[in-house]
Amino acid sequence: MMATQFALEAVPTCALCGEPSSRLLFEIPPYGYRACTTCGLLRLSPRVAASDLERFYGESYRDVYDGNSVLARLVMGRKRHAA
């Protein structure tokens, strides 16, 4: 199955405290998992852009949820190694 490309958007500030500073924890390209340096809240940046969310959930989310995507396999592999 060929990967569908979605528009991405950066998340410049923490949704909880508004702090712009964050620390990259890990990446599963093209997504970056970041922790706010003030409160520790995790955020995905970049993430699927709001303009593509409907298409993402309609076309790809079920595969991610069911573990049938490259992203899901990477995340599940990471969880198994962390346990």
Taking the Cβ-Cβ separation of residue 37 and residue 5 as r and a Förster radius of 41 Å, what is the calculated FRET efficiency to the nearest 0.05?
0.85
Quick one: which residues, 5 or more positions from residue 19 or on another chain, have an amide H under 5 Å from its amide H? H modelled 1.01 Å from N in the peptide plane, none for Pro or chain starts.
14
Run the quick spin-label model on residue 28 and residue 16: label points 7 Å from Cα toward the beta carbon, then report their separation in nm to one decimal.
2.1 nm
Give a residue-ordered list of calculated ³J(HN,Hα) values for the range 10-20 (Karplus: 6.51 cos²θ - 1.76 cosθ + 1.60, θ = phi - 60°; whole Hz; x for Gly, Pro).
6, 10, x, 9, 5, 6, 8, 10, x, 5, x
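Readers should treat all values here as calculations from the given coordinates under stated rules, not as data from a laboratory. No experiment lies behind these values; they were computed from the predicted model shown. We place every Cβ from the backbone using ideal geometry, glycine too, and count neighbours over all the protein chains shown.
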